[in-house]
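Below is one structure, written out as structure tokens; comments come after it.
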Amino acid sequence: MKLLIRVAQLLFVNGETTEGAHRTVERLGESLCTPVILTARWGDIRVQPDACTFGAQIPADPTAVDIGRVNATECLVDDIRLQRVTRDDAEQALDAISRMPPVSLLRFAVMAAAGAAALSVIFGAAHMSTIVLVAVSAGLGACARRGVSHLSRSPFLQPFVASLLAGAIVSLASVLHDPAPLHLLAACPCMVLVPGPHFLNGAIDLVRARIALGAARILFASLIVVAISAGLLIGLSISAARFAPTDAVAAVPLLYDVCAAGIAVAAYGVFFNMPWRMLALPIGIGMAAHALRWEMIDFGASAPLAAFAVCALVGCCMAPLSRRLRVPFGASSFAAVVSLIPGIFMFQTAADALSLIGHGSASAAVLTEIARNVVTASLILTAMTAGLIVPKMTFDYFATPARSFRRQERQPS
């Protein structure tokens, strides 16, 4: 039971879907001749033998995303099942996995800069100065996040400080009359902070009727988005800079879009500590997905429809691949579709709502703009969620043995 609960904890707190943690723990329990049921809630998990009322419980907050730890844990479970390691050695290996270091600061900062710069290209940055400023802002934000992580364990303070720094840099650029589009300077460094895997894992839990856990995951991710928006708007207020996207966006050639998408996928893989040897396939899938989106938009498809088609492609590819590579579905899939997140619409909505509070009254045009941004962002997010979840659940239905479903039917939500 000690071994089982440690495995469950490492998977659950490092970004694995609840369903994936269930599947791995049940397979391990069967190999140890101890069929078990895993009950996960926000704050703790419980493993109990099948048809018994007692079990082991341990605190567990699913606030992190670490593909490397999940992969190492899954591979260790395979070794235990094949009797390649003893139980004592397995416990020592689990201790080592729990102490695995995060990505180095240099690698983290460089890939944050590269990812944000790639997003700026995808969103229409036309000048090298804009791309460089975005990269510098994101790199400094990554350094600030790592520094704050040594001072506080709050999951909200790190994105707040990074977005505050991004907003301050936009304010400085505004004061210096830099010609770079301010909305790209503000949005792209903040886009790398959006907690997409938590949103996706929460949506999967809701669809599977784990209401409390799914709602808690989505609330946690939403609070991080609020922290990002608050930090960005406070930073912008230093010089009264406005988050105002322009309608004239430079058309991005297909080759630039696809190459930038590959860089963004690689950057997010590094954020989530994905081993280098596993990055090639997600990068290829992300590039193919962006090529599909570019073609659909070029033929006149709407943004939500293109997002659904792209995410359906990624979901069909990543559902079997994530299980094959022993990596969490949410983190690996989000990395391939990160540029589809309607961050500019969300940040624009927050800025408009703040302006309403400041002026005390609102014109019909401002209210219409807020409503349009909210509806657009909601439709894109819904399309992305459906596109990723439907293939994942379909694959799980046909790939999971029937006995696991019967066991889950007896499991409390």
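The values are calculated or read from the model by the stated rules, or taken from the named source; none is laboratory data. This is a predicted model, so every value here is computed, not measured. A quick note on method: Cβ atoms are made from the backbone with ideal geometry, for glycine too, and the neighbour counts reach across all protein chains shown. These accessible areas exclude ligands, DNA and RNA; they are computed on the full protein's heavy atoms, side chains included. Shrake-Rupley method; radii C 1.70, N 1.55, O 1.52, S 1.80 Å.
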>> Let's see if you can work this out: charge +1 on each Lys and Arg Cβ, -1 on each Asp and Glu Cβ, no other charges. What is the dipole magnitude of the chain about its Cα centre, in debye to the nearest 20?
In response: 800 debye
> Debye sum, Cα scatterers, segment 247-344, no solvent: what log₁₀ I/I(0) at q = 0.17, 0.25 1/Å?
Replying inline: -0.71, -1.38
> Helix 105-122 versus the longest principal axis of the chain: what is the Cα-based angle in degrees, 0 to 90, to the nearest 10?
Replying inline: 60 degrees
>> I'd like the Kirkwood hydrodynamic radius of segment 171-235, using the inverse of the mean 1/r over distinct C-alpha pairs, in Å.
In response: 13.5 Å
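Per the helix-only calculation at 222 nm, which mean residue ellipticity applies to the chain, given -39500 (n - 2.57) for every DSSP H run of n ≥ 4 and division by its residues, nearest 500 deg cm²/dmol? Kindly include the intermediate steps, with their values, before the conclusion.
Values: 17 runs with 290 residues, N = 413.
Helices in the chain give a 222 nm mean residue ellipticity of -23500 deg cm²/dmol.
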> What is the helix-to-structure angle for 67-81, meaning the angle in degrees between its Cα long axis and the longest Cα principal axis of the chain, kept from 0 to 90 and rounded to the nearest 10?
Replying inline: 10 degrees
>> Running a GNM on the chain with Cα contacts under 10 Å, which residue among Leu367, Leu76, Leu279 ends up with the highest mean-square fluctuation?
In response: Leu367
> By accessible area of protein heavy atoms, probe 1.4 Å, what ranking do Tyr256, Tyr268 get, highest first?
Replying inline: Tyr256, Tyr268
> Val374 accessible area, nearest 10 Å², 1.4 Å probe?
Replying inline: 70 Å²
> Roughly how tilted is helix 157-175, in degrees to the nearest 10 and between 0 and 90, from the longest Cα axis of the chain?
Replying inline: 20 degrees
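Looking at the calculated P(r) for segment 303-342, what percent of the C-alpha pair distances fall above 11 Å? Let's see the in-between values first.
Values: 475 of 780 pairs.
Value for segment 303-342: 61 percent of Cα pairs lie more than 11 Å apart.
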>> Give me the mean projected area, in nm² to one decimal, of the convex hull enclosing the Cα positions of segment 132-186.
In response: 3.6 nm²
> Leaving out ligands, DNA and RNA but keeping every protein chain, what accessible area does Cys259 have, in Å² rounded to the nearest 10, with a 1.4 Å probe?
Replying inline: 60 Å²
> Taking the C-alpha atoms of segment 1-59, how large are the radius of gyration and the largest Cα-Cα span, Dmax, in Å?
Replying inline: 10.1, 28
> For the chain, with the dipole built from +1 on Lys and Arg beta-carbon atoms and -1 on Asp and Glu ones, taken about the Cα centre, which of Ala350, Met100, Leu254 lies farthest toward the positive end?
Replying inline: Met100
> Averaged per residue, what accessible surface does the chain expose to a 1.4 Å probe, in Å²?
Replying inline: 43 Å²
>> Using the alpha carbons of segment 169-327, what is the convex hull volume per residue in cubic angstrom, as a whole number?
In response: 144 Å³
> Which value, to two decimals, describes the C-alpha radius of gyration of the chain once divided by 2.2 N^0.38 Å?
Replying inline: 1.01
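Once Rh for segment 43-154 is found with the Kirkwood sum over Cα pairs, what is the Stokes-Einstein diffusion coefficient at 37 °C and 0.692 mPa s, in µm²/s?
It comes out at roughly 184 µm²/s.
Are there chymotrypsin sites (Phe, Trp or Tyr not before Pro) in segment 18-108 that DSSP marks as loop and that have at most 14 other Cβ atoms within 10 Å, and which are they? Kindly include the intermediate steps, with their values, before the conclusion.
Working: sites: Trp42, Phe54, Phe108; in loops: Trp42, Phe54.
Answer in residue order: Phe54.
Segment 91-238: Rg/Rh from Cα coordinates, Kirkwood Rh?
1.04
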>> For a bin width of 5 Å, list the pair-distance distribution of segment 93-174 built from all Cα-Cα distances, rounded to whole %.
In response: 3, 15, 19, 22, 17, 11, 6, 4, 2, 1, 0
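Which of the GluC sites (Glu not before Pro) across segment 4-70 are loop residues per DSSP, with 12 or fewer other Cβ within 10 Å?
Qualifying residues, ordered by number: none.
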